[in-house]
Amino acid sequence: MAQTVCVIVSPPDRARLDAIASDRNRPQKHAERARVVLASMGRDPVQLVATQLGVSRPMIWRWQQRFAEAGVDGLLRDKTRKPGKPPIAAETVARVVALTCADPPHQATHWTGRAMAAAVGISLSSVQRIWAAHKLQPHRVRSFKRSRDPAFAAKLVDIVGLYLDPPAHAVVLSIDEKSQIQALDRTQPGLPLKPGRCGTMTHDYKRHGTTTLFAALNVLDGRVIGRCMQQHRHEEFIRFLNEVERAVPVGKMIEAVVDNYATHKHPKVKAWLERHPRWRFHFTPTSGSWLNAVENFFSVLTRKRIRRGSFHSLVDLQSVIKRYLAEHNAKPKPFVWKASAASILAKLDRLSVSSE
């Protein structure tokens, strides 16, 4: 292509081009094409014109040629493009969706994009577009556990009632233990986080023992009473109850939410409760630990201090847990439960209907 082109523009055409270039209501592409032709009226090199307008040289040549062939009207319309690939038939889309929701062949656990493309006879990208349009993700799976406790509804109403409307002159505590917390020490130091590279840690480790964290979350103010012990038998549980008993002001009833762990129902624990009449246990339903508020505290503790930590000894692990307890209690936040028992039961009923 010529590197220098002088476009001859008649006075009427120039007036139209000036009007198009300055009209803000026209499409931007029309104004840009008009400016290309106006800038090409001199004898400047194509590269200079392209640099001034911030476009490419092929674009300059294209619209110079179009103006020479069709005048100003040629700048205002686009040539028709060659037809692309025809859209996928609705029957094919329906077949992909149906197969995705069915069991895959050859004892596979789930459908893959390439397996579906081979089965239907379309490309992998087409399968991916169909899955995206129908929000299908066969590579993902979510776990669940539904309680089969015959007294599920009664226990749910009882515990949710404590969270939503705690009784007057009472302290609502969520009590549980996080057992088998391992003091793991990495065999080599990891590399720090850097731009473009995540932090690293070795896959192997050294074990320095385990500890059990007993914790009682005060639902009203968010404070946590915690203590690390070597085991989680009924003896340690009773010692922890004594510690909580001393921490709660005299004259207040203690409504404690606990799970169905055997330690919590030990005969000696029941005898301890008889000697302390202000205590009352509220047991969560079987497989319903999500009703125990302190589980959220355990989850945050694991993510922030334990999972990626490296501990040189059991004492080191316990000191980290104690420091986190102190930091948490320095700025506690009340536990807020929003869902009512009726809404939870209604949701479970809907899930039951949809699964049938």
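See the values below:
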item: Over the chain: helical MRE at 222 nm, DSSP H runs n ≥ 4 each giving -39500 (n - 2.57), nearest 500; result: -13500 deg cm²/dmol
item: Ranked packing of 166-176, 301-311, most packed first, by mean Cβ within 10 Å; result: 166-176, 301-311
item: Of LYS270/LYS322; LYS135/LYS338; LYS178/LYS304; LYS178/LYS265, those spanning more than 22 Å from alpha-carbon to alpha-carbon; result: LYS270/LYS322; LYS135/LYS338
item: C-alpha long axis of helix 234-247 to longest principal axis of the chain, angle in °; result: 80 degrees
item: Positive-pole candidate from PHE237, THR211, TRP272, dipole of region 152-351, charges at beta carbon; result: THR211
item: Region 5-34-region 241-296 distance, computed between alpha-carbon centres (Å); result: 83 Å
item: Two-decimal ratio, region 11-75, of alpha-carbon radius of gyration to 2.2 N^0.38 Å; result: 1.02
item: Longest to shortest principal axis, alpha-carbon extents of region 152-351, angstrom; result: 52, 43, 31
item: Shape call, region 173-227: gyration tensor on alpha carbons, a/c limit 1.5; result: oblate
item: Estimated FRET transfer efficiency when R0 is 45 angstrom, pair SER289-THR200 (beta carbons, to 0.05); result: 0.85
item: Lys/Arg +1, Asp/Glu -1 at C-beta; region 127-224 dipole; positive extreme among ALA183, ALA153, VAL224; result: ALA183
item: Student exercise, the chain dipole from Lys, Arg, Asp, Glu Cβ charges, in Debye to nearest 20; result: 780 debye
item: Highest to lowest packing among 314-325, 178-189, scored as the average C-beta count within 10 Å; result: 314-325, 178-189
item: Two-site label geometry, ALA170 and MET59: point separation in nm, points 7 Å out along Cα→Cβ; result: 7.3 nm
item: FRET efficiency, ILE238 to ASP185 (Cβ-Cβ, R0 35 Å, nearest 0.05); result: 0.60
item: Theoretical gain in end-to-end length, ASP316 to ALA330 [0.36 nm per residue, Cα-Cα removed]; result: 2.9 nm
item: FRET efficiency for GLU245 and ALA90, using Cβ-Cβ distance with R0 set to 51 Å, rounded to 0.05; result: 0.15
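No value in this document is a laboratory result; all are computed from the given coordinates. What you see is a predicted model, and the numbers here were worked out from it, not measured in a lab. FYI the Cβ positions are ideal-geometry reconstructions off the backbone, even for glycines, and counts take in every protein chain you see.
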